[in-house]
Amino acid sequence: MMTGHAPLPPSVHELIIGKKTNIAAPGQPIRLAQQEPLIWELESAVKGESTGTGEATNGGPKVPLSMSALALWERITKTVNEQWPGRNQRALQRLSVGQKIHAWAQGDPDYVEEVCAVWCGQIKGLRYRVHALDAACPECGVDTVYEVDEGDPDGRVYKPALVWTVERAFCRACLASWVGFDEMKELAGVINRHV
């Protein structure tokens, strides 16, 4: 981490530096390990180096390129390149995405924390299979979203707006999310009342 700057907000730190996690068995003394930055995990998924568990492979067969990871990488880099304070300084364009996010966070930590929290959740979500929920989002009312697909005759692929993984449920339309068992259980109750 660079010195002389304000501490980074938690999601920004997790995205570009990583975080420490306790790897000790329950009841044992704390043993901290440094997790890799989530941006590295995303880069590995884009390059087809991810095992799907958040760990890069070492000489083994490559996992196919994740198109979801690529789309997320493109959204992140586009947003960062348009928003970070050095965007108009040609000499700074070679900085990594992480360095740009760090500089951006120094100028607008609250907003960047909010954006990075969403990105962290989306990167973690790539680890798990996404399942569709056959219901409208209780937050925005949308039940279907579409993505542009050049190979499709009408150019659109329709998908359910509301989806879930083992960690969370989220809406692809408004980005509302329900994290953890209790919030997902609450969402299930809301959906069941409207069916």
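The values are calculated or read from the model by the stated rules, or taken from the named source; none is laboratory data. Bear in mind that the values here come from a model prediction, so they are computed numbers and not experimental data. Don't worry about glycine lacking a Cβ; one is built from the backbone with ideal geometry, like all the others, and counts go over all protein chains shown. Surface accessibility is based on the protein's heavy atoms, side chains included, excluding ligands, DNA and RNA. Shrake-Rupley method; radii C 1.70, N 1.55, O 1.52, S 1.80 Å.
Would you mention how many residues in the range 78-105 are open to solvent by less than 70 Å² (accessible area, probe 1.4 Å) and either outside any loop (DSSP other than H, G, I, E, B) or under 13 Å from LEU42 (Cβ atoms) (or both)?
13
Name every residue in the range 66-77 that is more than 17 Å from ILE16 (Cβ to Cβ), open to solvent by 70 Å² or more (accessible area, probe 1.4 Å) and either at pLDDT 90 or above or hydroxyl-bearing (Ser, Thr, Tyr) (or both), in order of residue number.
Within the range 66-77, SER68, GLU74 meet the criteria.
How many residues does the range 114-150 contain that are in a strand (DSSP E or B) and buried (at least 17 other Cβ atoms within 10 Å of the Cβ)?
1
Does ASN88 meet the test of being within 19 Å of the chain's Cα centre (by Cα) and not aliphatic (A, V, I, L, M)?
No; evaluated as a whole, the condition is false for this residue.
Looking only at the range 156-195, how many residues end up being loosely packed, with under 12 Cβ neighbours inside 10 Å and of a type in the set (Lys, Arg)?
Looking only at that region, the number is 2.
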